[in-house]
Amino acid sequence: HVVVPLLVSSRGYGVLWDNLSYTRFGDLREFEPIPPDCLLDDSNQPGGLTAGTFTPDQPDQLENVHATNQIAFSSLGRGGDGARNWDRWEGELVAPTSGDYQLKTYSNGHIKVWLDGKLVIDHWRQGWLSAEDQIKVRLDAGHHYPIRIESGGEQRSTMELTWKTPDPDADTSLWSEVGGGVDYYFIYGPALDQVIAGYRSLTGQAPMMPEWAFGLWQSRQRYETAQQSLDVVKEYRRRAIPFDDIVQDWQYWPPDKWGSHQFDANRFPDPVGWLKELHALHAHVMVSVWGKFYPGTTNFVAMQKAGYLYQPNLTEHMLDWIGYPYTFYDAFNPGARRLFWSQINTALFSKGIDAWWMDASEPDLTPSPPTLEGQLTHMNPTAMGPASKVLNGYPLMNSMAIYEGQRSVEPNQRVFILTRSGFAGNQRYAAATWSGDITSTWTALRKQIPAGLGFCLSGIPYWTSDSGGYTMESRFSAANPKPADFQEWCELNARWFEFATFCPLTRLHGELKPREPWTFGGDAGPAYQAIVKFDRLRYQLVPYLYSLAGAVTHDGSTMMRALVMDFPDDMKARDITDEYLFGPALLVAPVTAYQARSRSVYLPSTPGGWYDFWTGAGMPGGQTVDATAPYDAIPIYVRAGSIIPTGPEIQYTGEKPADPITLHVYAGADGRFTLYEDDGLTYNYEHGAFTRIPIFWDDAKRTLTIGQREGSFKGMLKERTFRLVLVTPDQPAAFSSAPIPERTVKYNGKPLPIKFN
């Protein structure tokens, strides 16, 4: 779980709630079952809905028909036949008062809810991790709203529908279970960038990630042998697909040695040699590390002897889902953090591991699905007091162990951490977060956009998701899926990757099916071609991306930007959750529907309007357009006044200096951009070893000025070439992998004005 108790308001302020315990925000009333007197069955009789079961091949033949006021289901102990049995509830919903209602389902398997003839919830979730779907609807008192709920399909074991009636109290509430007093910080902007910068001044600045972290990450659950991952990296290089990072997921250790951090000698016979070979192929390696220990391992014995392990799991003889006893270390204890780092340093970092995947950093102490009650009883006691007091702080302390540990032994090697859970301040430990074990569904893809925007708006800048979704229905995972299902699988992965290209981090990962680009229909397949096209685009944009990262560290900026950040007074922009700005220039509108070849895009009002990224055509803001979206493109628009630097074609970051750099200038408004560079690998920038080149566009004078270079660093290009592409409504220019520059200039660090006719 990720908890960042920062409330950010479109009115230009933020409130940071300083509390580690279980916390709730907003309408604090619990969700409740819908009262029977608000339900009518299909015969218009009050007291409940009509319920029954059906099979997908005969959806109109309802069996076991009965009236019920319980809109819930559990197959535990009942038995079931997978996708055959579905449950249906239908009738009418009558609102007791007028206002905004919240409806919530908690389910796995398939869940569909129709309200007043509209499909408002439609999702599939894996059986071992039930999840909530929630909507807000406006209902009028006394009005009868047709409602139908269907639940079923494979992995279905639970479903419940509850609601909240309109909140009688319009005030915003914050509540925590434990606290010595009310403790919060008020942060005034009024620009939301300044609110986020204020949050980081309180909780810690985000250090520079290594430059290679902004390249492509390749992962799957899991590479079972050293040779498998080597073969993948070699295939990337053979195909000339740009790529930087390979990930080794869990169970590289012997099956009964979780927590040993040791490679299984049968599958990884020479870890040091394996890592050297990967590095020789210009691949960086991230490894999965859990704060979890099996009894009997040397690391467990050392932790247990020092009193650093949570005991309830051990005294209760709790088994994990594999069948072994286990527990986690107490990350709140400074000594435990030091020992944890010492163990992974000896086993992993000293051998050449570059980055850390801190999985299950909640920590995952109870079998799935985890519960709040289980965390409170089993993460207990901690070195900072009872679990109820510090519940949400574990992932912060866990990241601290890695960050401080690595910097203690290699103080000038940049840390990179990917953590499943997080808390306010995680950014100061070079920690990024991903959205967890999401499903390979179109609805999950749609949910990633507001999830990422909300996460980044909370102040932690680096977020990502499993491109393509983590797990899937059997129709996708089958060894020989039906052609129609395979086509959908490929398109889902292509569309997801197109979105992931414009996230702070781009990462392929998932289980049951390989996730390498060539597995999606082969070289001639449209999915493969789309993924490779967008991957190359990502690498072309590295100067833009890395400059955005420089602004994150030095200015408290945000890369992935909800529209409210740049258009706070645009009421329509505030409500849009499926498009966003990526940096100051690019408006990105992902495609999240199967076989969609167009989508509606709102262009906020802005001086000079917008340009179509793919064609260069100009258009005014303050309008909604129907944008084309072929298989290998999503709608992207460039704000007038933007300056976008791009680099030469590369196969991995750092392959060669970023020279020449092409500056794409979009006329119609004044603009500026700061090109940031450092060595990409060390912390020398903390001591001033970086450069900034301010670039200005004066629209009225049609003059681009490449300003005085500020700073220097070892390896800096003292002289460089800039190629200039000017885009105007009368001179549209598509964004190209091989742009034809209008001007080419040499730059030596001194101010250089360039006048266009």
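The values are calculated or read from the model by the stated rules, or taken from the named source; none is laboratory data. Keep in mind the model is a prediction, meaning the values are calculated, not measured. Don't worry about glycine lacking a Cβ; one is built from the backbone with ideal geometry, like all the others, and counts go over all protein chains shown. Note: areas computed on protein heavy atoms with side chains; ligands, DNA, RNA excluded. Shrake-Rupley method; radii C 1.70, N 1.55, O 1.52, S 1.80 Å.
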### Task
Enter the accessible area per residue of the chain (Å², integer; probe 1.4 Å; all protein chains in place).
39
### Task
Treating only the Cβ atoms of Lys and Arg (+1) and Asp and Glu (-1) as charged, compute the dipole magnitude of the chain about its Cα centre; round to the nearest 20 debye.
2480
### Query
Which of the peptides 172-184, 389-401, 254-266 is most tightly packed, and how do the rest follow, going by the mean number of other Cβ atoms within 10 Å of each residue?
389-401, 254-266, 172-184
### Task
Could you work out how far the C-alpha centroid of the stretch 492-525 sits from that of the stretch 144-164, in angstrom?
31
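Over the chain, with every protein chain in place, what whole percent of the accessible area is carbon and sulfur at 1.4 Å, could you tell me?
51
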### Query
Which GluC sites (Glu not before Pro) does the stretch 669-757 hold that lie in a coil by DSSP with at most 11 other beta carbons within 10 Å?
GLU719
### Message
My understanding is that a pair violates if its Cα-Cα distance is over 19 Å; which of LYS292/LYS447; LYS482/LYS513; LYS292/LYS351; LYS718/LYS746; LYS234/LYS351 do that in this structure?
### Response
LYS292/LYS447; LYS292/LYS351; LYS234/LYS351
### Task
Find which of HIS261, VAL233, VAL247 sits farthest along the positive direction of the dipole of the stretch 222-261, computed with +1 on the beta-carbon of Lys and Arg, -1 on that of Asp and Glu, about the Cα centre.
VAL233
### Message
Going by average Cβ density within 10 Å per residue, which order do the peptides 276-286, 430-440, 305-315 take, highest to lowest?
### Response
430-440, 276-286, 305-315
### Task
For the stretch 22-144, calculate the relative contact order in percent as a whole number, restricting contacts to Cα pairs under 8 Å that are 6 or more residues apart.
22
### Query
Can you give the % of DSSP beta bridges in the chain that are antiparallel, to the nearest 5?
80
### Summary
Note to self: C-alpha centroids of the stretch 721-757 and the stretch 187-217 sit apart, in Å, by 30
### chymotrypsin sites (Phe, Trp or Tyr not before Pro) restricted to the stretch 585-682 and DSSP loop, no more than 13 other C-beta within 10 Å
TYR594
